[in-house]
Structure formats: C-alpha cells, structure tokens
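The values are calculated or read from the model by the stated rules, or taken from the named source; none is laboratory data. These numbers were taken from a predicted model, which means no experiment stands behind them. Using ideal geometry, Cβ is built from the backbone for each residue, glycine included, and neighbour counts are taken over all protein chains shown.
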Amino acid sequence: MSVSGTFDARERVLVIGLGRSGIASCAVLRARGATVFATDEKPREALVKTIVELELNAVQFVDPAEIDRVLPQVTSCVVSPGVPLNIDLVRRVQAARISVYSEIEVAYRISKAPMVAITGTKGKTTTTALVGAMFRRAGKTTHVGGNIGNALINETFVAAAGDWVIAEVSSFQLESIRSFKPKISAIINLSPDHLDRYHSMDEYSEAKFRIFANQSATDTFVGNLDDPIIAELCTGESAKRLAARATWFAMAPHRAATIYVRDGRIIYAPPTGDPRPIEIMPVAEIPLLGAHNVANVLAALAIGLAAGLDPGALRAAVVDFVALPHRLQRVAVADGVTFVDDSKSTNPGSVVAALASFDQPIVLVAGGKSKRTDFRAMGLAIAKHAKAVVLIGEAADEIAAVIANVPTQRATSMDDAVAIARGLAVPGDVVLLSPGCASFDMFTSAEARGDAFAQAAAAKLGAHG
C-alpha cells in the first residue's frame, strides 16, 4: 500500500526549493516524523546557513547534481511555490514515478481546521489580511498564512478542528494541488501577470481556477461579477465548472450579486431565508484608498457572510483595518507633497488601480523587472492620471514606449528617482511608487524596494509620515 501523501513517519520526503515555504515544510514534516531530504538549485555557497539549520533539524541536504542517489528512497516530493514544475529537477523526480505536491496541498492535508482560500491578481494580500481580521473580530481562532508572507503549512500544523485557516494562494501554489479543497474559495480579480511563467492569459486563469476544482455543493465560491473572466463562471457553459455554491459581489446592483454597492452603501441580499436586502455599511467608512479596495472589502464581506459571521463584527473589522505596508501606504509628507509607497504593485493592473485612487496630481515612479506583461493599459492610465513619470529598472524603455504626452525621465537608483520626482512635484501633488514590475533587477524584494523609497524620501526631504 502506498504511503505517498500521508506526510508522517511512514514517508521519506524530498523538498525542492529552500525559501520560506520550503524551510517551513522541512520543519513541519520532521515534526510529523517524516524523513526529509532537501535540495535547491541556488549555488551552495548561498545556502551555507540554511544547510546548517536543516542539518540541525535532521534534514539531509542533497546537491541537485546528486539527486538521483536519493530518489530510490523518496516516497513523495514537495515543491515550493517559486519552483516551476517544468525544470529538469522536478522532471527527474516525476520520471522516477514519485508524486509531486505543492506546499499548500500538504498544508491542506494535515489541517484539522476548515480553510478559506483567496486568490487574484491584485489585492489578495489586503483581502486575506482583512478576512483574518473579520474572523478574529467575530470571535474565531484564526490562522492566516500562505502567499501573504508566512508559510501556510506552519499555520495548518497548529490549527485545531474548531479554528479557521485563512490562506492567500498564488497561481504558482495552485499548479500542483491534488485534493486541496477550501470550505470557502474566492477569486477577487484576474488581469495579465506572470506571463514570463505562463504562455497565455488563458493558462494563467486556468491555474487560478484550480482553487475551486475540488469544491462540492457544501462549499462556497466567491467571485467578482465586475471581472469579465471571472463573470463567465456565473452563466452559460462555464457555470457548470462550479460545483460549489456561488456568491457574487459587484460594485453596482446586479441580479446575480449577493453583495453590492448602491447609493454609496454596501448591501447584502441573502441568498436564502428572508430575501430583503440588508445594509452592511456605508462605503465612506472604508479606511483604504481606491475603488479597488472597495471591491476587496466586498470580497471579504462576502466571505465572512458565507461563513455565517455577524455583520456587525464584519463592519467593525473593516472600519478598524489599517493599510498593509507597501500597499498605497503614505510614508512621508514634505512641503505639501505626499509620498506613497505601493511597491507591492508588481503588475500593470495594480498601477492602473493605484493611479485611480487619488484626486491630486501624481508623479509616478515605476519600472523594474518585466514579467512580459502588456503595459498598454498602464500607459493609458498614466496619460489620464499622471503629470510626470520617473522610470527605473530593466523595463524602463518598455514602459516609456507606451507613455504619450506625459513628461518622462529615467533614474539610475531609488535615491535618484525620489530626487527627480520631488523636483517635478509641487505642493498638493502625490509622488507615487507603483512599479508595475517585479523588483529583482535592483532589489531583493518588493519590500526592500518600498523601504528604499521611504528612506530616500525621509533622508532627502527630512520628512516624516
């Protein structure tokens, strides 16, 4: 009888990828009694500290070149989210007829608690954090993890049966799920992203749609009626793909919407029982910037209501919610100019949403490492909302090519970009860092990029915010 997929003392597991999720997988699998091997294609000198920590926990590091030596012993393989399934290392494992699982699949299998899983192109971290705050406000013991920054497997390992697990999941994480079946799933939006990994928007969308693939009639799917790709699941042939109960949100009244905005108020139309609409809260009470964050709140409210949480607790959680770092976060004010860090904006759609969040003139700082996405919509939004643009990174020329009739300058560093932007801004303006690209051409992470922006603003301007 096969033991693959039990992830306990009967198993010998190979973990591929030693980022945050991979290291957490090693620790949890060892705690469950499994024998664990680990490997990573990064140069060994970059892994010295990690290897020492693994060996202290009785995890054996195996150089990729020597992986064939241990494969005959391996019963299962766990792949970290950043590891593509088509690399040679994974293919060698598959050729050995070893089952390959994603970290979130393992996290799901060991979880005793029901799970909410949230995905989307932009806003999923804010939505996930808000959902966690809602569940806590409603008195639920809540564990939040996944793509939000802490490994999901750590959270499910300690979750009890009466708790809730709130998971932010990415398309990368969903690629290799098998039985992953959240009690409530949500796709908040879809726009072009990660086209350096996916061949087309259709392929990217299909990866996202895996979030509801295993759900049944006792589960709930939450979808965005304002997103044309997601809305296709509401009617016609595509609706047959949803086995779960569907709950829909929209920014305006819609016959299929369970929760929507009408006359500046968020309205809930219960799908069962008394059908009379219920007012949840005024939109004006939402403390987050931008219409896209109203949509994020609608998604979070739909999830909370699907879980049977008290509407008053949901409203209170929204009112008290604080914007997450690097997501339209005000970091400095000087001489009437406001500096806003939106470094987590790593795709053009996020920039479009960020630009629409302000009534003031905007000097945009954008650019970085392109994900082979189309910048044309971003160029149109720049023409509509920005008074000037400062471009950084590898994608500067590509973005410049879609900008018309807006002054554009290049910067060689974040310090340089902030100095140029400050020179272009006048009192009442916003200097907005919303890159629309990955950070890895100049920075180790989007967080490091945002920190550099905030530090440059404070150091050069003597500002505080």
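A few remarks follow.
- Taking (1) at pLDDT below 95; (2) under 23 Å from Leu225 (Cα atoms) in turn, Arg178 satisfies each apart from (2).
- Looking across Thr258, Thr272, one residue alone is more than 29 Å from Leu355 (Cα to Cα), of a type in the set (Ser, Thr, Tyr) and not assigned by TED's automatic domain parsing to the domain that holds Ser434. It is Thr272.
- Tally, over segment 54-97, of residues that are in contact with a helix residue (DSSP H, G or I) (Cβ under 8 Å, 6 or more places away or on another chain), part of a helix (DSSP H, G or I) and surrounded by 14 or more Cβ atoms within 10 Å (Cβ to Cβ): 7
- Members of segment 293-331 that are surrounded by 24 or more Cβ atoms within 10 Å (Cβ to Cβ), among the small types (Gly, Ala, Ser) and touching a Leu at 6+ places or on another chain (Cβ under 7 Å): Ala300, Gly304
- Yes/no for Ser350 being hydroxyl-bearing (Ser, Thr, Tyr) and over 17 Å from Ala454 (Cβ atoms): yes
- The lone criterion from (1) within 27 Å of the chain's Cα centre (by Cα); (2) more than 28 Å from Ser179 (Cα to Cα); (3) part of a helix (DSSP H, G or I) left unmet by Ala27 is number (2).
- Of all residues in segment 264-292 being in a helix (DSSP H, G or I) and modelled with pLDDT under 95, the one that is surrounded by the most Cβ atoms within 10 Å (Cβ to Cβ): His292
- Condition met for Ala295 (assigned by TED's automatic domain parsing to the domain that holds Gly223 and in contact (Cβ under 8 Å) with a residue 60 or more places away in the chain): yes
Results for (1) in contact with a Lys or Arg (Cβ under 7 Å, 6 or more places away or on another chain); (2) under 14 Å from Ala117 (Cα atoms), shown as yes or no for each residue.
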{"site": "Asp193", "(1), (2)": "yes, no"}
{"site": "Asp202", "(1), (2)": "no, no"}
{"site": "Gln215", "(1), (2)": "yes, yes"}
{"site": "Ala231", "(1), (2)": "no, no"}
{"site": "Arg241", "(1), (2)": "no, no"}
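- Restricting segment 219-263 to residues that are polar (S, T, N, Q), in contact (Cβ under 8 Å) with a residue 12 or more places away in the chain and outside any loop (DSSP other than H, G, I, E, B), the residue that is surrounded by the most Cβ atoms within 10 Å (Cβ to Cβ): Asn224
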